[in-house]
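Data block below; observations after.
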Amino acid sequence: MSVVVFHAYEPALPGGFVGVDIFFVISGFLITSIIAKEIADGSFSIATFYERRIRRIFPSLFVVLLACIPFAWILMTPGQLRDFSQSVLATGTFLSNIYFFLKTGYFEQDSHVLPLLHTRSLAVEEQYYVLFPLLMLLLARGRHSVTVAVLALLAFGSLALSILWGSSHAMMNFFLLPSRGWELLSGALLALVFPTVRPFLEDRPRLRAGIEVAGIVGLLHGLLFITSHDPFPGLLALPAVWGTVALIASMKPDRMAGRVLSSKLAVGIGMISYSAYLWHQPLFAFARIRWGVLPPVALVGLIALTLILAFLSWRFVERPFRNRQWLRRGTVLWLGAAMIGAMAVVGGIGHLQKGFPNRFDQQTLALAATAAPSPRRAECHTEGVDYRRPSDGCIYGTGTPTWAVLGDSHGVELALALGETLGSRNQGLLHLTFSGCPPAIDFPYDNPGCREWTNDAVEYLELTPQISNVLIVYRAAFHLYGEHGPLAHDLAALHQGTAPLFLRDRTPEAAREAYWNGLRGIVDRLVTAGKTVYVLGPVPELPVHVERIIFDTTRSIGDRSDAPGASVDFLHARYDAINARLAEFEGPHSEVVSISETLCDSDMCRATQNASSNYFDDNHLSMAGARVVVDGLIASGRLPLEETR
């Protein structure tokens, strides 16, 4: 229920996602208790174990996936349906944690419209249970103390890895089994020592009560005080994980937490909890795809619908499939294999068909085709420690480059668009952009290669006298205040933003000041080297992905071909503080170049105009949009170019 509340409305329970970590401990404890008992009495069988897992996991999961398909077909854009199909394939093969690690982030702005994002926890659990029973059988040949020691060693190794990865490999840390295994192993270790620990605590009621209170405090700390901005798991997960261990070890049904958790309501929720977990995210995701931001009454209604569907799934899907008289082992194993195959086929077809774009009319598809990034993006935009050297940067236009574009991914399309214009004047441009990299000339950043590349790029420009003009393009709003999507309809929160991703050991204000100092250092060095520097103002971000506007068939194609994007209130909340600081960069050889006059009017910035999309997602200009911006800046004189030589 904590996860359900978190996905419904994050501010209501900021650490609600920690419910998954609590579940991992419970799962490790319960299943290890069963395995250890069966190994001890000689009845354990790998085939029987996997049969139980199939009976427990597959039927309801398969029903939920089947229920999602028609809604995905009706409501999703081609890009969304392609991604959904990929996630169906990954979910069916219990690799969705790896898929979402490679594809997205759990807390990113588009995560709330991903129907199967929550299956990442099922994948972690099932990957663990592919290996764990085999390990237990192997260790059963030795002494009990050796089994405990080996599992403890693995648990502490996994915890150490989770701490080591921390924020430097945040997505790996969050999604993958090696950094999550210690949570399941914590429950497993408790199961192995429980017969000794429980009597020990029974004989010491004050100690037992103290441990119970500590367990409650640990759980509440995780649910109430951890947020999506904290590096997690790792040390921050310890209170919730070990609090769960403490609570299981110590609580009694007639004391404190035991009275609550053994009540009819709690037991009833627990009984349908698996199905509730499966249903909630698709319900929220498809509702948000259709209606956008949901009011409180809709969220309460969806939670109620989640519980109703969960009860029906438990009653008519889960219970029948657990009936061994109705379904024998062989049938269950064959059905499990068939379900995996069916999900793989459905997902594979959706991927190969690229989300079935022919569901839409030709005018819509023509508009969507303009929402395209630079064809040189993969080749010329760089990232990582093995980055493309500035001396090998792409050159657009003709002849020796006299211009350069320096910055992050917001400069990619603008570089090519400006290069095209310069090429028509027999001039050239050097493209220098690094993915997700702020002006980190003098501060460290966990983005591998970012700081080194920034210094290399600035030094290269300093030593290249023929480049006399540099356009600096950074997505300042993201670097300073985080992603905008989840806050797009909360202007107060949007103005405050979240902590920057760099310099986490400093206050957000200090980190932001380091950003401005870094940008000032770059501008000053380039001006000193004899360059004219143009600092581009913010590219207006859209509250939603532009595909959601283009493929919104509830509106006419005319409305979608000239569609509003961000409101003026959004723009003020997001950019006023940034624009005020950028004004400080005006000087004899440095200018701040605003593009809002090109894309925006007094009330709104345009997502699409003249049957063309200005964006290819919710914040990057498309090539069409970049050309509109460059043409507008040149025509207005804000970006002066020399005459053709």
Q. How many angstrom separate the Cα center of the range 398-432 from the Cα center of the range 356-383?
A. 21 Å
Q. Rg/Rh for the range 603-645: what does it come to with C-alpha atoms and Rh from Kirkwood?
A. 1.08
(Q) I'd like the Karplus ³J(HN,Hα) series for the range 291-297: coefficients 6.51, -1.76, 1.60, θ = phi - 60°, whole numbers in Hz, and an x wherever there's a Gly or Pro. (A) 10, x, 5, 9, x, x, 5
Q. Where the convex hull is taken over the Cα atoms of the range 524-645, what is its projected area averaged over directions, in nm²?
A. 9.1 nm²
Q: Compute the Rg to Rh ratio over the range 266-321 from the alpha carbon atoms, using the Kirkwood formula for Rh, and round to two decimal places.
A: 1.04
**Q.** Rounded tilt (10° steps) of 238-250 against the dominant C-alpha axis of the chain
**A.** 10 degrees
Q: Any chance you could give the angle, 0 to 90 degrees and rounded to 10, that helix 46-75 forms with the longest Cα principal axis of the chain?
A: 40 degrees
**Q.** Net charge over other residues, Cβ less than 15 angstrom from the Cβ of W291 (K, R count +1; D, E count -1)
**A.** +3
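Based on the Cα gyration tensor of the range 574-645, what are the three equivalent ellipsoid semi-axes, each the root of five times an eigenvalue, rounded to whole Å and given largest first? It would help to have the intermediate numbers written out before the result.
Numbers: eigenvalues 102, 72, 21 Å².
Equivalent ellipsoid of the range 574-645: 23, 19, 10 Å, largest first.
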Q) Are there cysteines in the chain with no other Cys C-beta under 4.7 Å, and if so, which? A) C68
Q.
Tell me the relative contact order for the chain as a rounded percent, counting alpha carbon contacts under 8 Å between residues six or more apart.
A. 14 percent
Q | For C394, solvent-accessible area (1.4 Å; no DNA, RNA or ligand), Å² | A | 10 Å²
Q | Normalised per residue, the volume of the convex hull around the Cα set of the range 206-304 (Å³) | A | 135 Å³
Q | Dimensionless Rg/Rh of the range 326-386 - Kirkwood Rh, Rg from C-alpha atoms | A | 1.30
Q) When the distances between all Cα atoms of the range 43-135 are binned every 10 Å from zero, what whole-number percent does each bin get? A) 15, 44, 27, 11, 2, 0
Q | Counted charge near M623, where neighbours are those whose Cβ lies closer than 11 Å (Asp, Glu -1; Lys, Arg +1) | A | +1
**Q.** For E591, distant residues with modelled amide H under 5 Å away
**A.** V533, Y534, V535
Q | Range of Cα positions in the range 314-473 per principal axis (Å), largest first | A | 83, 45, 23
Q. Beyond 35 Å, what percent of the Cα pairs of the chain remain?
A. 48 percent
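To the nearest 20 Debye, how big is the dipole of the chain about its Cα centre, given +1 on the beta carbon of each Lys and Arg and -1 on that of each Asp and Glu? Walk me through the numbers on the way to the answer.
Working: 51 positive and 55 negative charges, 671 e Å.
That gives the chain a dipole magnitude of about 3220 debye.
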Q: Bin all alpha-carbon pair distances of the range 8-93 at 5 Å intervals from 0 and give each bin's fraction as a whole percent.
A: 3, 10, 12, 14, 15, 17, 12, 7, 5, 3, 1
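Going by average Cβ density within 10 Å per residue, which order do the peptides 421-430, 276-285, 322-331 take, highest to lowest?
Numbers: 421-430: 19.6, 276-285: 24.0, 322-331: 11.3.
Output ranking for 421-430, 276-285, 322-331: 276-285, 421-430, 322-331.
Would you tally the net charge around P538, using a Cβ to Cβ cut-off of less than 9 Å, leaving P538 out, and scoring K and R as +1, D and E as -1? If you can, show how the numbers build up before the last one.
On the way: positive: R475, R574; negative: E541.
Net charge in that neighbourhood comes out at +1.
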Q | Crossing angle, helix 144-165 versus the chain [Cα axis fit, 0-90 degrees, rounded to tens] | A | 20 degrees
Q: Write down the Å³ per residue value for the convex hull defined by the alpha carbon atoms of the range 272-383.
A: 218 Å³
Q. Under the Karplus relation 6.51 cos²θ - 1.76 cosθ + 1.60, θ = phi - 60°, what is the ordered set of whole-Hz ³J(HN,Hα) values for the range 543-554, x standing for Gly and Pro?
A. x, 9, 4, 4, 4, 5, 7, 4, 9, 7, 6, 6
(Q) Taking just the alpha-carbon atoms of the range 83-163, what radius of gyration and Dmax come out, in angstrom? (A) 16.5, 50
Q: Give the residue from F502, A583, M136 lying farthest towards the positive end of the charge dipole for the chain; charges sit on Cβ (+1 for Lys and Arg, -1 for Asp and Glu) and the dipole is referred to the Cα centre.
A: M136
Q: Evaluate the charge dipole of the range 173-289 about its Cα centre and quote only its size in Debye, nearest 20, assuming +1 on the Cβ of each Lys and Arg and -1 on the Cβ of each Asp and Glu.
A: 240 debye
Q. Based only on the alpha carbon positions, what is the Kirkwood hydrodynamic radius of the range 464-599, in angstrom?
A. 16.8 Å
Q: Putting +1 on Lys and Arg Cβ atoms and -1 on Asp and Glu Cβ atoms, find which of A90, F44, T104 reaches farthest to the positive end of the dipole of the range 34-115.
A: F44
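The values are calculated or read from the model by the stated rules, or taken from the named source; none is laboratory data. Remember, it's a predicted structure, so these values are computed and weren't measured experimentally. Positions of Cβ are generated from backbone atoms using ideal geometry, with glycine treated the same way; all protein chains shown enter the neighbour counts. We work out accessible area using only protein heavy atoms, side chains counted, and drop any ligands, DNA or RNA first. Shrake-Rupley method; radii C 1.70, N 1.55, O 1.52, S 1.80 Å.
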